[in-house]
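Encoded as structure tokens, the structure appears first; notes follow it.
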């Protein structure tokens with residue numbers, strides 16, 4: 001398998017490695033599609049650790065992380081959850097969008113995230129000491145203004161925090177070329193479009209265009225799609241459902257990639 | 001009828017004379033939002049508003065027919081100043097609609113690139129145009145077409161660049177160019193009617209004189225036999241003079257301007273500038289007396305002194321009031337339409353249902369719990385709640401809305417609408433929305449005179465039912481005095497703290513910085529407010545501020561943090577935006 005491609009934005013790689021040596025948990029903040037997950041995968045590969053990813057949602061219970069009893073022909077037996085597996089065997093446990101999980105669920109991380117590094121399982125009465133190679137990584141998107149969601153300060157304060165943003169223009173261009181295979185000129189245009197869209201405020205669109213969407217656009221173009229159409233389908237339509245916003249974004253794309261009139 | 005014929009004639013003759021393509025015109029009003037977003041997209045300043053420019057006349061050669069109909073000698077220019085960018089009300093130079101539309105986008109793009117002063121019109125416009133052409137393939141196409149089209153079809157408009165140094169270049173403007181802002185450039189403009197410019201400061205300000213007379217206070221036990229024993233002046237038991245800044249920039253109401261497009265002589269000055277200063281007398285003699293009934297003598301709370309870094313113990317006196325003699329009212333008709341719109345959004349929120357687990361009875365068995373029970377060593381120790389059910393989401397929320405009703409809210413947004421009017425509308429719509437969502441909420445308003453009197457009006461407390469009386473109280477809100485925000489926040493936090501809900505939201509509606517007549521101004525007020533907000537946060541309350549103060553970006557991030565405030569640019573949208581912000585905050 002080829003190595004996961006990741007281009008560092010600043011000091012995140014050194015920081016991650018340092019935290020790994022010190023057995024410290026990491027919290028990554030950043031907008032959608034800026035490379036958080038890719039970063040973890042790349043780091044897992046580099047450090048030779050398996051990455052277990054759990055995408056959190058508001059119905060995620062503690063049992064979904066720790067494990068539960070199941071039944072087979074011999075009666076009930078205990079099945080470890082993804083977190084427990086990583087704690088026992090070592091590896092990186094990555095809880096994506098942790099903010100989506102209910103606050104009472106995340107409290108089970110407390111004893112794992114501080115110096116104790118233990119996971120108590122109240123259903124079986126077991127207390128597991130974390131494997132020396134176990135590492136806890138969580139991420140969330142701080143962009144939403146929301147009262148009901150948010151991390152408890154007591155949870156937040158157990159992590160080393162890394163803040164991600166969309167990559168700088170030249171880095172993003174490089175990523176685009178590498179990931180989608182577009183030529184430099186097209187990549188430059190896509191990055192310029194992204195830069196312009198990211199200037200919009202929350203009141204206009206909910207979230208700005210991600211690097212991921214740019215790569216999609218690039219891939220469509222490489223497939224021979226008309227650049228204008230590619231951008232409409234990968235970038236514009238994904239960003240908003242409001243007609244007047246769509247109209248302007250289409251206009252902007254048309255300024256960069258002229259619409260082929262014949263179709 | 002005469003009017004109708006006149007209009008018809010006017011339209012006919014205008015159409016006949018004009019070489020513009022009116023049928024293909026693109027109107028600013030119908031695309032405002034799109035233009036604004038586009039302006040932001042290209043890096044335009046967020047604080048600037050988009051406006052329609054006023055009609056500016058220039059003298060060009062006229063054909064006989066043009067003279068007759070009055071067209072041909074008028075021309076709109078795009079320009080900008082510190083407050084906003086100004087675009088023509090409609091554009092119709094080109095025979096195809098999409099080119100006319102593109103013309104708007106072109107002008108907006110130009111405005112993000114240049115600020116023109118009268119010295120550099122030609123060079124900067126050329127430079128900016130070159131830049132846009134190079135960067136955007138779409139603009140390249142448009143400009144090549146537009147430039148040649150204008151040169152051939154409107155010879156009197158297109159600029160002869162060779163004579164650019166000549167001031168005559170200024171009178172034959174290029175529709176694709178940006179022109180200097182109006183201030184400081186008056187002598188270059190050639191107005192049709194030489195109207196004296198209004199005095200910049202005085203005329204724009206309205207002085208509101210507010211007088212209160214309590215008729216029942218006149219002592220009529222004295223036998224006067226109809227003789228007037230008191231001078232009329234003495235009826236002013238309370239008088240305060242306020243200077244309310246009604247400075248509006250050169251933009252007008254959009255609709256008004258849209259209509260104004262067809263008027264010949266709208267120029268910069270407002271002829272009736274004097275009308276805007278008016279005296280408002282507020283005599284409450286009417287029998288329908290709303291009584292502001294004090295609830296107790298008031299109580300004392302602390303205030304933070306940032307210089308000494310100590311709390312001034314029991315320094316501020318909070319005086320709770322409730323209005324009596326309120327007439328219950330139904331939701332005003334003007335808000336019905338808006339409420340209907342909001343309702344559809346509310347419905348979407350209510351669709352959310354949540355799973356309730358670990359119930360002794362319910363719709364279905366939760367297998368997890370059952371297996372867990374089977375695997376449990378000691379069955380009697382198990383809670384044995386095996387059921388789950390889906391039910392309508394009961395949001396565990398308590399929201400307290402704290403509205404600033406200081407005298408500054410008396411200021412006008414337009415000639416008819418004051419800030420306080422939109423606050424009242426917003427409160428009504430908001431209360432209605434929360435009531436329908438079945439969220440728990442309370443509404444309070446505050447104003448202050450020094451530390452000795454912080455009026456804390458109860459509109460609705462948490463336990464009261466939402467009813468017509470609550471609306472009546474909202475309707476009866478009267479602005480007054482100053483904004484001692486810290487004290488009001490502390491009092492609100494205290495009330496919220498007593499609520500049982502898991503999530504507590506303190507929504508503050510404000511129109512400016514905290515201030516009071518004593519030292520509670522500037523840094524002192526800001527620091528005390530900040531401290532009060534920190535205290536609220538420690539109590540597990542989430543403060544969120546919604547303001548219509550455009551300068552708020554200077555201090556609100558400091559007070560509330562980056563993600564805990566919203567600035568509303570157009571105060572009139574407050575009633576619609578408030579529920580939306582709330583829904584966004586809590587969904």
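Restricting attention to region B:21-46, which residues are within 10 Å of chain A (Cβ to nearest Cβ) and in contact with a strand residue (DSSP E or B) (Cβ under 9 Å, 6 or more places away or on another chain)?
Hits for region B:21-46 are B:32, B:35, B:36, B:39, B:44.
Wholly within region B:293-388, which strands (runs of 3 or more DSSP E) include no fewer than the required count, namely at least 2 residues that are farther than 30 Å from residue B:423 by Cα? Break it down into steps so the answer makes sense when it comes.
Values: elements: B:299-305, B:310-324, B:353-359.
It comes to B:310-324, B:353-359.
Matching residues to (1) more than 28 Å from the chain's Cα centre (by Cα); (2) within 12 Å of chain A (Cβ to nearest Cβ); (3) without any contact (Cβ under 8 Å) to a residue 40 or more places away in the chain:
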site	(1), (2), (3)
B:316	yes, no, no
B:327	yes, no, no
B:340	no, no, yes
B:344	no, no, yes
B:361	yes, no, yes
B:364	yes, no, yes
B:367	yes, yes, yes
B:378	yes, yes, yes
B:382	yes, yes, yes
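Within region A:32-52, can you find the residues that are crowded, with 20+ Cβ neighbours inside 10 Å and within 12 Å of the chain's Cα centre (by Cα)?
Residues of region A:32-52 crowded, with 20+ Cβ neighbours inside 10 Å: A:33-36, A:39-40, A:42-44.
Hits for region A:32-52 are A:33, A:34, A:35, A:36, A:39, A:40.
If you check every pair at least six apart or on different chains, which have Cβ atoms under 6 Å apart with a residue in region B:515-542 that is modelled with pLDDT of 85 or more first and a residue that is loosely packed, with under 15 Cβ neighbours inside 10 Å and not in a helix (DSSP H, G or I) second?
From residues that are modelled with pLDDT of 85 or more, the pairs are B:527/B:306.
Which count do you get for residues in region B:460-491 that are under 30 Å from residue B:313 (Cβ atoms) and in a helix (DSSP H, G or I)?
Going through region B:460-491 one residue at a time, the tally reaches 7.
Yes/no matrix, rows are residues, columns are (1) assigned to a helix (DSSP H, G or I); (2) within 24 Å of the chain's Cα centre (by Cα); (3) at pLDDT 70 or above; (4) within 30 Å of residue B:138 (Cβ to Cβ):
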residue	(1), (2), (3), (4)
B:47	no, yes, no, yes
B:59	no, no, no, no
B:66	yes, no, no, no
B:93	no, no, yes, yes
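Suppose we filter region B:404-426 for residues that are touching a strand residue (DSSP E or B) at 6+ places or on another chain (Cβ under 7 Å) and part of a loop (DSSP other than H, G, I, E, B); how many remain?
The total comes to 3.
Look through region A:230-261, keep the residues that are free of Cβ contacts under 8 Å to residues at least 12 places away in the same chain and either buried (at least 22 other Cβ atoms within 10 Å of the Cβ) or in contact with a helix residue (DSSP H, G or I) (Cβ under 8 Å, 6 or more places away or on another chain) (or both), and return whichever of them is farthest from the other protein chains (Cβ to nearest Cβ).
Initial filter on region A:230-261 (free of Cβ contacts under 8 Å to residues at least 12 places away in the same chain): A:237, A:241-244, A:246-248, A:251, A:255, A:261.
Now restrict to residues that are either buried (at least 22 other Cβ atoms within 10 Å of the Cβ) or in contact with a helix residue (DSSP H, G or I) (Cβ under 8 Å, 6 or more places away or on another chain) (or both): A:237, A:244, A:246-248, A:251, A:255.
Details: A:237: 16, A:244: 5, A:246: 9, A:247: 5, A:248: 5, A:251: 6, A:255: 4 Å.
Taking the candidates together, the pick is A:237.
Consider region A:107-154. How many of its residues are more than 30 Å from residue B:579 (Cβ to Cβ) and either at pLDDT below 85 or within 14 Å of another protein chain (Cβ to nearest Cβ) (or both)? Lay out the reasoning, then the answer.
Residues of region A:107-154 more than 30 Å from residue B:579 (Cβ to Cβ): A:107-139, A:154.
The next check asks that each one be either at pLDDT below 85 or within 14 Å of another protein chain (Cβ to nearest Cβ) (or both); those that pass are A:107, A:121-126, A:154.
Going through region A:107-154 one residue at a time, the tally reaches 8.
Give the residue that is nearest to the other protein chains (Cβ to nearest Cβ), with candidates limited to residues of region B:82-124 that are surrounded by 22 or more Cβ atoms within 10 Å (Cβ to Cβ) and without any contact (Cβ under 8 Å) to a residue 60 or more places away in the chain.
If we take residues in region B:82-124 being surrounded by 22 or more Cβ atoms within 10 Å (Cβ to Cβ) and without any contact (Cβ under 8 Å) to a residue 60 or more places away in the chain, then B:102 is nearest to the other protein chains (Cβ to nearest Cβ).
Tell me which residues, restricted to region A:86-105, are crowded, with 17+ Cβ neighbours inside 10 Å and closer than 28 Å to residue B:379 by Cα.
A:105
I'd like the full set of residues that are away from every other protein chain (no Cβ under 11 Å) and part of a strand (DSSP E or B), limited to region B:547-567.
Result: B:547, single match.
Within region B:408-415, does at least one residue satisfy the condition of being farther than 20 Å from residue B:565 by Cβ, assigned by TED's automatic domain parsing to the domain that holds residue B:342, under 28 Å from the mean Cα position of the chain (by Cα) and modelled with pLDDT of 85 or more?
Within region B:408-415 (the criterion being farther than 20 Å from residue B:565 by Cβ, assigned by TED's automatic domain parsing to the domain that holds residue B:342, under 28 Å from the mean Cα position of the chain (by Cα) and modelled with pLDDT of 85 or more), the answer is no, since none of the residues qualifies.
Residue A:18 is checked against (1) at pLDDT 90 or above; (2) buried (at least 16 other Cβ atoms within 10 Å of the Cβ); (3) touching a strand residue (DSSP E or B) at 6+ places or on another chain (Cβ under 9 Å) and fails just one. What number does that condition carry?
All conditions are met except number (2).
Got at least one residue in region A:198-212 being assigned to a helix (DSSP H, G or I) and within 14 Å of another protein chain (Cβ to nearest Cβ)?
No: zero hits.
Scan region A:68-89 for residues that are assigned to a strand (DSSP E or B) and either away from every other protein chain (no Cβ under 13 Å) or touching a residue at least 60 places away in the same chain (Cβ under 8 Å) (or both) and report the count.
Let us first name the residues in region A:68-89 that are assigned to a strand (DSSP E or B), namely A:68-72, A:75-80.
Filter once more, keeping what is either away from every other protein chain (no Cβ under 13 Å) or touching a residue at least 60 places away in the same chain (Cβ under 8 Å) (or both): A:80.
So the count comes out to 1.
Being out of contact with any helix residue (DSSP H, G or I) (no Cβ under 6 Å at 6 or more places or on another chain), away from chain A (no Cβ under 14 Å), in contact (Cβ under 8 Å) with a residue 40 or more places away in the chain and surrounded by 24 or more Cβ atoms within 10 Å (Cβ to Cβ): is that true of residue B:483 here?
Working: out of contact with any helix residue (DSSP H, G or I) (no Cβ under 6 Å at 6 or more places or on another chain): yes; away from chain A (no Cβ under 14 Å): yes; in contact (Cβ under 8 Å) with a residue 40 or more places away in the chain: yes; surrounded by 24 or more Cβ atoms within 10 Å (Cβ to Cβ): yes.
Spelling it out, residue B:483 is indeed out of contact with any helix residue (DSSP H, G or I) (no Cβ under 6 Å at 6 or more places or on another chain), away from chain A (no Cβ under 14 Å), in contact (Cβ under 8 Å) with a residue 40 or more places away in the chain and surrounded by 24 or more Cβ atoms within 10 Å (Cβ to Cβ).
Can you pull out every residue in region A:213-229 that is part of a helix (DSSP H, G or I) and either more than 23 Å from residue B:135 (Cβ to Cβ) or away from chain B (no Cβ under 14 Å) (or both)?
Residues satisfying the conditions are A:213, A:214, A:215, A:216, A:217, A:218, A:219, A:220, A:221, A:222, A:229.
Can you tell me how many residues in region A:17-66 are within 14 Å of another protein chain (Cβ to nearest Cβ), over 26 Å from residue A:210 (Cβ atoms) and not in a helix (DSSP H, G or I)? Even if it seems obvious, please write down each step before you answer.
Step one: filter region A:17-66 for residues within 14 Å of another protein chain (Cβ to nearest Cβ), giving A:29, A:31, A:57-66.
In the following step, the residues that additionally are over 26 Å from residue A:210 (Cβ atoms) were identified as A:61-66.
Cutting the leftovers down to not in a helix (DSSP H, G or I) gives us A:61.
Number of matching residues: 1.
Anything in region A:157-189 that is part of a helix (DSSP H, G or I) and within 14 Å of chain B (Cβ to nearest Cβ)? List them, or say none. Outline the logic, then answer.
Step one: list which residues in region A:157-189 are part of a helix (DSSP H, G or I), which gives A:169-180, A:184-189.
Hits for region A:157-189 are A:169, A:185, A:186, A:188, A:189.
The values are calculated or read from the model by the stated rules, or taken from the named source; none is laboratory data. Quantities reported herein were computed from a predicted structural model and do not represent experimental measurements. Counting neighbours? That spans all protein chains shown, and the Cβs are built from the backbone with ideal geometry, glycine included.
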